[in-house]
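Right, one structure below, let's go through it.
The values are calculated or read from the model by the stated rules, or taken from the named source; none is laboratory data. Because the structure is predicted, anything quoted here is derived from the model rather than measured. Neighbour counts run over all protein chains shown; Cβ positions are idealised from the backbone, glycine included. Note: areas computed on protein heavy atoms with side chains; ligands, DNA, RNA excluded. Shrake-Rupley method; radii C 1.70, N 1.55, O 1.52, S 1.80 Å.
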Amino acid sequence: MTTAIFPSTAGTGLLDDRVAAAGRPLAAVTGAEIQAPLIQGGHVRYANLDYGASAPALSVVSAYLNEILPYYASVHRGAGYASQISTSVYENARNIVREFVGGRADDSVIFTRNTTDSLNLLAGCLPVVDHHHTGEVLYLDIEHHANLLPWQGVPHRSVVASETIEGTIATLRAELEHGDVSLLAVTGASNVTGEILPIRRLAALAHEFGARIAVDAAQLAPHRRINIAADDVDYLAFSGHKLYAPFGAGVLIGRPDWLDAGTPHLAGGGAVSEARLDGVSWATGPARHEGGSPNVLGAATLARATQVVAALDQERWHAHEAAIRSFLVEGLQRIDGVTVHQIFSDTNPDTDTIGVVNFSVAGYDAGLVAAYLSAEHGVGLRDGRFCAHPLLKRLGLPSGSLRASFGVGSRLEDAQRLLAGIEELRRTGLGWDYVVDSGRWVPANDTRTYPDWAPNTPGTAGAAPCAQD
């Protein structure tokens with residue numbers, strides 16, 4: 001297990017600087033002031049530290065949704081006024097997203113369900129000659145399952161990341177030198193630890209040996225500006241629900257030749273140029289992979305969210321995030337029995353991390369800590385294995401750990417509340433009895449209720465079981 005060790009810089013002046021940078025949200029998000037009931041009674045503002053799973057919608061995006069919702073109609077096939085508007089909004093969303101990531105003029109922009117869907121789509125488009133793939137997909141063991149499992153159905157080769165980024169690059173170079181690699185698939189930023197990989201260097205490395213590169217940017221896109229043309233990235237995938245947009249839309253952007261020749265992702269209406277009883281002529285372009293009625297509102301809100309994120313002042317944006325992250329990391333490291341985890345020992349915490357902190361508390365199951373923080377402190381964060389089982393096993397965390405993640409709607413107070421909860425846990429222990437219900441830790445004899453419109457289903461509270469997550 002590798003542990004992050006950052007120097008303590010606690011002090012009144014530094015705290016003042018952090019309050020100035022992150023005392024308030026950088027942008028307004030929907031639900032920022034919802035009240036969470038505490039198990040011991042009363043309510044507190046919900047401290048959402050689970051942005052890495054699904055980020056709250058930007059208030060601007062929510063307003064935009066309400067504006068376009070009355071015009072929601074079928075796209076591409078309708079002559080009516082609402083259909084024309086919906087089609088215009090949907091197709092223009094491609095241009096907005098392409099611009100957001102610095103795409104090339106001819107890059108295809110395909111809307112999908114999420115990053116997982118995008119990478120599965122790409123897996124069906126790898127070049128094939130005489131019914132055989134022309135090369136293998138090379139990927140690291142640190143990947144989210146979205147960038148690991150799709151490649152296991154095609155010729156592939158996995159690599160165990162080194163303890164350093166430089167060592168990992170050297171290992172990838174050695175594998176590429178063996179030849180027969182058509183695609184290098186890497187994450188832009190680890191969903192487990194928030195460490196950023198050097199995408200431009202990796203793209204140059206892949207191209208040096210005749211391979212292409214695909215980047216899982218699900219975690220990177222909500223925290224850093226991306227320019228795939230400047231970085232020479234061939235394919236990029238990310239999700240709206242992590243980029244402050246609702247409705248679960250994802251996107252795949254990249255070079256059209258593989259995509260136009262690949263197996264259509266969804267066989268159905270809209271994906272064909274001509275259908276016959278005994279065969280079909282498939283369309284090219286994004287339509288080839290967008291069979292059926294598309295998620296118009298998902299694509300529209302994703303595009304609107306990218307416009308808001310693109311307009312952020314980058315210096316303020318990064319300062320806001322860095323203030324929360326450094327405050328949280330340093331605070332956790334001062335608590336006896338708490339370990340902060342990272343993958344690479346040469347990661348620069350000031351420049352090469354996003355708003356994610358991974359940690360564990362000695363003597364406590366991660367799911368129990370998550371349930372305690374929620375019930376007794378109104379703090380929401382993620383526990384488990386984060387859909388990155390090989391990495392968690394290698395880090396010596398086979399039963400999982402805890403992940404706090406934050407973004408533009410977060411504030412320093414959220415991190416302070418988390419630290420106070422962990423300090424209290426280490427000092428006095430749990431303040432309530434907890435039991436395992438349907439594989440999840442929950443407070444015993446919990447009388448709290450959900451809002452009237454939400455089903456209060458037993459066994460759904462608490463943290464996800466590490467054995468499955």
Can you tell me which residues in the range 137-166 are touching a His at 6+ places or on another chain (Cβ under 8 Å) and either in a loop (DSSP other than H, G, I, E, B) or under 19 Å from LEU220 (Cα atoms) (or both)? TYR139, HIS145, VAL154, PRO155
Here's a check for you: in the range 166-187, which residue that is touching a residue at least 40 places away in the same chain (Cβ under 8 Å) and open to solvent by 50 Å² or more (accessible area, probe 1.4 Å) is nearest to GLU143 (Cα to Cα)? GLU166
Exactly one of (1) on the phi > 0 side of the Ramachandran plot; (2) open to solvent by less than 10 Å² (accessible area, probe 1.4 Å) is unmet by LEU332. Its number? (1)
Which condition from (1) open to solvent by 20 Å² or more (accessible area, probe 1.4 Å); (2) within 30 Å of VAL60 (Cα to Cα) is the one that THR339 breaks? (2)
Among the numbered criteria (1) open to solvent by 10 Å² or more (accessible area, probe 1.4 Å); (2) more than 17 Å from ALA221 (Cβ to Cβ); (3) of a type in the set (Ser, Thr, Tyr), which one does TYR51 miss? (2)
Using the structure shown, decide if GLU163 is surrounded by fewer than 24 Cβ atoms within 10 Å (Cβ to Cβ), touching a residue at least 60 places away in the same chain (Cβ under 8 Å) and not small (Gly, Ala, Ser). yes
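Of all residues in the range 121-136 being of a type in the set (Val, Ile, Thr) and either without any contact (Cβ under 8 Å) to a residue 40 or more places away in the chain or assigned to a helix (DSSP H, G or I) (or both), which is surrounded by the most Cβ atoms within 10 Å (Cβ to Cβ)?
Step one: of the range 121-136, the residues of a type in the set (Val, Ile, Thr) are 128-129, 134.
Imposing the further condition that a residue be either without any contact (Cβ under 8 Å) to a residue 40 or more places away in the chain or assigned to a helix (DSSP H, G or I) (or both) reduces the set to 128-129.
Values: VAL128: 14, VAL129: 7.
Across the range 121-136, the extreme among qualifying residues is VAL128.
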What residue, of SER118, SER158, is modelled with pLDDT of 95 or more, open to solvent by 20 Å² or more (accessible area, probe 1.4 Å) and not β-branched (Val, Ile, Thr)? SER158
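Within the range 205-225, work out how many residues are part of a loop (DSSP other than H, G, I, E, B) and open to solvent by less than 20 Å² (accessible area, probe 1.4 Å). Give the derivation first.
Going residue by residue through the range 205-225, those that are part of a loop (DSSP other than H, G, I, E, B) are 209-211, 217-225.
From the residues that got through so far, the ones that are open to solvent by less than 20 Å² (accessible area, probe 1.4 Å) too are 211, 217-223.
Of the residues in that region, 8 qualify.
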How many of the residues in the range 227-268 are open to solvent by 20 Å² or more (accessible area, probe 1.4 Å) and part of a loop (DSSP other than H, G, I, E, B)? 12
Give the range 18-36 a look and list any residue that's open to solvent by 40 Å² or more (accessible area, probe 1.4 Å) and in a strand (DSSP E or B), or say none. GLN35
Which condition number in (1) closer than 30 Å to VAL329 by Cα; (2) buried (at least 16 other Cβ atoms within 10 Å of the Cβ) is the one that ASP446 fails? (1)
If you check every pair at least six apart or on different chains, which have Cβ atoms under 6 Å apart with a residue in the range 302-320 that is open to solvent by 30 Å² or more (accessible area, probe 1.4 Å) first and a residue that is aromatic (Phe, Trp, Tyr) second? ARG304/TYR64; ALA310/PHE100
For the range 20-29, the count of residues that are in contact with a Phe, Trp or Tyr (Cβ under 9 Å, 6 or more places away or on another chain) and within 24 Å of PRO246 (Cβ to Cβ) equals 3
The range 285-302 - residue that is in a helix (DSSP H, G or I) and out of contact with any strand residue (DSSP E or B) (no Cβ under 8 Å at 6 or more places or on another chain) and, of those, nearest to ARG255 (Cα to Cα): ALA287
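Yes/no matrix, rows are residues, columns are (1) assigned to a helix (DSSP H, G or I); (2) touching a strand residue (DSSP E or B) at 6+ places or on another chain (Cβ under 6 Å); (3) touching a residue at least 40 places away in the same chain (Cβ under 8 Å):
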position: GLY41; (1), (2), (3): no, no, no
position: PRO56; (1), (2), (3): no, yes, yes
position: TYR64; (1), (2), (3): yes, no, yes
position: GLN84; (1), (2), (3): yes, no, no
position: TYR90; (1), (2), (3): yes, no, yes
position: ASP106; (1), (2), (3): no, no, yes
position: LEU119; (1), (2), (3): yes, yes, yes
Which numbered condition in (1) among the aliphatic types (A, V, I, L, M); (2) part of a loop (DSSP other than H, G, I, E, B); (3) under 25 Å from the mean Cα position of the chain (by Cα) is the only one that LEU430 fails? (3)
Has the range 2-17 got at least one residue that is open to solvent by 60 Å² or more (accessible area, probe 1.4 Å), touching a Lys or Arg at 6+ places or on another chain (Cβ under 9 Å), part of a loop (DSSP other than H, G, I, E, B) and at pLDDT below 95? yes
Looking only at the range 188-204, count every residue that is open to solvent by less than 10 Å² (accessible area, probe 1.4 Å) and either among the hydroxyl-bearing types (Ser, Thr, Tyr) or assigned to a strand (DSSP E or B) (or both) and tell me the total. 4
